[in-house]
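Comments concern the structure below.
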Amino acid sequence: MKYQSISDANEAVIEKVIESQPFLLDVVPAKKVIPVLNKKVILHSGPPTTWEKMPDPMKGSCIGAVIFEGWADNKDDASELLSEGEIVFMPCHSVNAVGPMGGITTGNMPVVVVENKSGTNRAYCNLNEGIGAVLRFGAYSSEVINRLKWMQCVLAPALSRALHQMDGMNVNVLVSKAITMGDEFHQRNIAASALFLKEIVPYLITAKLPDDELQEVVKFLADNDQFFLNIMMASAKAVMDTAATIEEGSIVTVLARNGDQFGIKVSGLGDQWFTAPVNTPDGLYFSGYSSADATPDMGDSAITEAYGVGGMAMIAAPGVVRFVGSGGFQDAVRTSDEMREICVANNPKLSIPTWDFQGACLGIDIRKVVETGITPVINTGIAHKVAGNGQIGAGTVRAPLDCFEKALEALAEKYGVMAS
């Protein structure tokens, strides 16, 4: 054991997170930075799964991806191809990537490239399509596919040109500003998306784009309040992968869901998944929908909670308080206070004015989770249980306690004593 105690190891993990310097470097085709995607491989969110176990919205996302890639021309042919085993499924997390909701990513989809300059880790995430009927929520209509093609051929190259002129974008600077403006970086990314637009537009203007493409790109970014989410996800992934290089301790480095299983990874337990059946979110639904229409929770976006924002920092975002309890401000205070009980530190880089300028929660400790019975609160979108309908609401979900109990048992076995 390199460290004298688990607590000492945890301090080293926390130090890695606090010292992190994520930079958005580029937007490129996924297959350029994830070599396995040069084959018929589909990345998905959460721990490993199979076609048979995927919820219907994730299957819908796969169908859309197959059509987008040109592997099939229609739903029936795509479904047949997917069910015959010709396509390999792999978790995004297995290749330093993350993906929201279904997480479905294929070779020709553009991804953001984020590097943690304090650790040289890179991480990737596909681009945010907006809300409603989009691929990540299981929609695969011609409108969805056409939007993906436009993102591939117009949006991604434009962003790449701009970022090359900038020599990258410092994500910490945007996040530290946006958290004081009411973002928690999972459900609410309005401020960060606006700040991103403010930073990128001058370089888009000088990127020598055709006038119509420049207008389309700027309008798309201006209309998409959630665009920064995927950048935040890749940044959190790069940071937590750096933290995971401390191969001891009891800090959660991954939280992820695939619509069937919830999975976690822990600093002292390497690349091992600890899983349990996933829960279904509670929240507010779009007009005409209810909890009876919801699919069980899915997505890698809970990497934001592993990093300490999202539901862990609910108090930072009064605009999403209505998704917690009865919707009062004190519900958000109680949520963040409760989350502090299962963390080992606060992040001084993420000072929250509405929390008496405390830093965001940092370092979910599986020992504290099991001891208190308090599990992380995750902010999430809600997909319709039938593919093709897309997003029907937003709310919160709890991670299942069983994941943490299994991880703690494994940690005790590793060290030969109960974690303390």
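The values are calculated or read from the model by the stated rules, or taken from the named source; none is laboratory data. Just so it is clear, the model here is predicted, and its values are computed rather than measured. Positions of Cβ are generated from backbone atoms using ideal geometry, with glycine treated the same way; all protein chains shown enter the neighbour counts. SASA here: full protein model, heavy atoms, side chains in, ligands and nucleic acids out. Shrake-Rupley method; radii C 1.70, N 1.55, O 1.52, S 1.80 Å.
For this structure, a couple of remarks:
- Accessible surface for the chain, divided over its residues, is 37 Å² per residue with a 1.4 Å probe.
- Toward the positive end of the charge dipole of segment 267-356, with +1 on the Cβ of Lys and Arg and -1 on the Cβ of Asp and Glu, the farthest Cα among Met312, Gly268, Tyr285 is that of Met312.
- Accessible surface of segment 142-280, 1.4 Å probe, proportion on carbon and sulfur as whole %: 51
- For segment 353-420, applying the loop criterion from DSSP together with a ceiling of 16 other beta carbons within 10 Å to the chymotrypsin sites (Phe, Trp or Tyr not before Pro) yields Phe357.
- Pairs from the table (Lys40/Lys177; Lys39/Lys237; Lys368/Lys414; Lys53/Lys406; Lys208/Lys349; Lys16/Lys414) lying more than 30 angstrom apart at Cα are Lys40/Lys177; Lys208/Lys349.
- With the charge dipole of segment 22-119 set up from +1 on Lys and Arg Cβ and -1 on Asp and Glu Cβ about the Cα centre, the Cα lying farthest toward the positive end among the listed residues Gly99, Ile87, Val27 is that of Val27.
- Helix-only mean residue ellipticity at 222 nm for the chain, each DSSP H run of n ≥ 4 adding -39500 (n - 2.57), per residue, nearest 500: -11000 deg cm²/dmol
- Between Val134 and Ala139, Gln391, the built amide H atoms are under 5 Å apart, and every one of these is 5 or more places off in sequence or on another chain.
- Sequence ranges 308-319, 139-150, ranked by mean other-Cβ count within 10 angstrom, highest first: 308-319, 139-150
- Only Lys, Arg (+1) and Asp, Glu (-1) charged, at Cβ; segment 1-82 dipole about Cα centre in debye: 220
- Sorting the segments 30-38, 391-399 by their residues' average number of neighbouring beta-carbon atoms within 10 angstrom, most packed first, yields 391-399, 30-38.
- Cα gyration tensor category, rounded, prolate or oblate, for segment 235-275 with a/c compared to 1.5: oblate
- Checking every one of the GluC sites (Glu not before Pro) in segment 61-141 against DSSP loop status and a limit of 14 other Cβ atoms within 10 Å picks out Glu84, Glu86.
- Check: the chain dipole with +1 on Lys, Arg Cβ and -1 on Asp, Glu Cβ, in debye: 500
- Segment 152-236 gives an Rg/Rh value of 0.96, both radii derived from C-alpha positions and Rh following Kirkwood.
- Annotation: amide H of Asp297 within the under-5 Å range of Asn279, Thr280, sequence separation 5 or more or interchain, hydrogens built in the peptide plane.
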